[in-house]
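For reference, the structure is listed below as structure tokens.
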Amino acid sequence: MMDEPANLAEIRLAAGSDAKRERYVRQFVNRFLSMEGVGVMLLDSDFRIVEVSDMIVSLCGLPRADIVNKHAERWFDEVGLQPRPFDRSLLEGQTFRNRVLNWKQDKQVHMLMIDGESLTEGEERTGAFVLFRDVSHRMALEEQVRRSDRLKTIGQIAAGTAHEIRNPLTAIKGFMQLLNKSLRDRDMEKEQEFVGIVLSELDRVNDLVSEFLLLSKPKELRQVSMRVGGIIQEILPMIRNEALLHNVTVIYYPKPEMPPILADKELLKQVFLNLGKNAIEAMDGGGTLIIRECCSAEESNRVAVEFRDTGPGIPPEVLEKVFDPFFTTKPQGTGLGLSVCQRIVDELGGSIEVASDGGGTLFVVSLPCS
Ligand code: ADP
Ligand code: MG
């Protein structure tokens, strides 16, 4: 057999690898079009939609056949994208990157980052493509990190100052009680009343400092293996008592088969008490508080406790602030309850989440099993 000329062999090789390349590119494109969390839209030179990936189809809730071939501007209107996330200037080569698009789908808001670029064939502009990335999850994680950073700072301040505040408070309280006794002996009723007010205000400051102290890093976390149900049983009488005063019914669904968790009992009690108290305070005209233990199916190494109330719910602009230290909507609130919950749950390696609508509010505490 005669040797083939070198250039022909090269052509063969190139042709072979072209086919291979094409196969891989095709496989990639197919996979890419069905990926979750990343979407792509192809547009022709008339600004009509040529193709969309599965993510876009599921986000806009229209069948693919209703999207493809539609003019992009009409599609924006139909899916309610206002203001329009991009326009025809994209076809003229106006590239954009990391444009933020908040896409409302039912009750959920997806935060998307979009990039757009035109397509060309030789000199001719043939259309454009737009890439959509769903960054909601990453944003939520970043928010959690920011939250716990903020809490750490406050915790440090708390650790440094709370004791310094509490010590003089104890002295003031002691002398006020002595003063009160002398006033009583002299039948000075008006003055006694004043001292009574001072004493109850001192109690309020003391409570605040106690909460503040909980924000500082506990000196030693006493993590013991225990059942979450046992902790709830212990605080339930306190919650029921408070509920009775506010005309609230408390329903508790225990789950005895839940695996044990590793936690600090006293701290965890504080978390559940705070959540119970908030729920009851939210339902001033009466209502129902449901406390439920559950294991999430996806995360088998975690257990969760839900606090669900039938209160007025939390409007979205308030919802994003409820974990902020000192944020409160109550005249007598400290705004530290949920910060403390967050701090403690963080410390225990768990997480705390909130969801709310007009029908009430749900707080879920999830904790790692031991
Ligand atoms: P505080 O109870 O002192 O106000 P928290 O940190 O415990 O502080 O709560 C912060 C805010 O979150 C409350 O003032 C309230 O507006 C809101 N909130 C918390 N829990 C609920 C709930 N179950 N229902 C409605 N609003 C709530
Ligand atoms: Mg509270």
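The values are calculated or read from the model by the stated rules, or taken from the named source; none is laboratory data. Everything numeric in this text was worked out from a predicted model, so none of it was measured. Backbone-built Cβ (ideal geometry, glycine too); neighbour counts: all protein chains shown. Accessible surface is based on the protein model in full, side chains and every heavy atom, while ligands, DNA and RNA are left aside. Shrake-Rupley method; radii C 1.70, N 1.55, O 1.52, S 1.80 Å.
Structure summary
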| quantity | calculated |
| --- | --- |
| Qualifying trypsin sites (Lys or Arg not before Pro) in the range 98-200, DSSP loop, other Cβ atoms within 10 Å at most 14 | Lys107, Arg186 |
| Accessible carbon and sulfur surface of the range 34-134 relative to its total accessible area, %, 1.4 Å | 45 percent |
| Surface/4 of the Cα convex hull for the range 289-370, nm² | 6.0 nm² |
| Top positive-direction residue, dipole computed over the range 135-217 with Cβ charges, set Ala140, Phe175, Ala162 | Ala140 |
| Options Leu202, Ser216, Ile261, ranked by Cα towards positive dipole end of the chain, top entry (Cβ charges) | Leu202 |
| Nitroxide proxy distance, nm - points 7 Å out along Cα→Cβ at Ser210 and Ser89 | 6.0 nm |
| Relative contact order (%) - the range 17-62, alpha-carbon pairs under 8 angstrom, separation at least six | 30 percent |
| Extended-chain gain in nm, criterion 0.36 nm per residue less alpha-carbon gap, Glu234 and Arg26 | 68.8 nm |
| Dipole axis of the range 34-134 (+1 Lys, Arg; -1 Asp, Glu on Cβ), positive-most option in Leu90, Trp75, Leu42 | Trp75 |
| The chain - charge dipole about Cα centre, Lys and Arg +1 at Cβ, Asp and Glu -1, debye rounded to 20 | 1020 debye |
| Sites Val50 and Cys294, calculated FRET efficiency, Cβ-Cβ separation with R0 56 Å, nearest 0.05 | 0.75 |
| The range 221-370, dipole about Cα centre (Lys/Arg Cβ +1, Asp/Glu Cβ -1), debye to the nearest 20 | 420 debye |
| Entries in Lys107/Lys152; Lys104/Lys152; Lys104/Lys321; Lys277/Lys330; Lys107/Lys321 that, when Cα-Cα distance is taken, lie over 23 Å | Lys107/Lys152; Lys104/Lys152 |
| Per-selection metrics, the chain (Cα): Rg and Dmax in Å | 30.6, 128 |
| Whole-number accessible area per residue in Å² for the chain, which is evaluated in the context of all protein chains at 1.4 Å | 60 Å² |
| Extension reserve of the His163-Asp115 stretch, reckoned as 0.36 nm per residue once the Cα distance is removed | 12.0 nm |
| Computed accessible area, Leu131, all protein chains, 1.4 angstrom probe, square angstrom | 40 Å² |
| For the range 280-341 versus the range 102-123, the gap between their alpha-carbon centres in whole angstrom | 34 Å |
| Where the Cα pairs of the range 135-217 fall when distances are cut into 10 Å bins, in % | 17, 29, 22, 16, 10, 5, 2, 0 |
| Antiparallel DSSP beta bridges within the chain, percent to nearest 5 | 90 percent |
| Exposed GluC sites (Glu not before Pro) absent: longest stretch of the chain, with sites in DSSP loops and at most 13 other Cβ within 10 Å deemed exposed | 124-219 |
| Dipole in debye (nearest 20) - the range 287-370, about Cα centre, beta carbon charges: Lys, Arg +1; Asp, Glu -1 | 260 debye |
| Cα-projected label distance for Asn69 with Gln332, points at 7 Å along beta-carbon direction, nm | 6.8 nm |
| Residues Asn247 and Arg125, FRET efficiency given R0 of 51 Å [Cβ-Cβ distance, rounded to 0.05] | 0.15 |
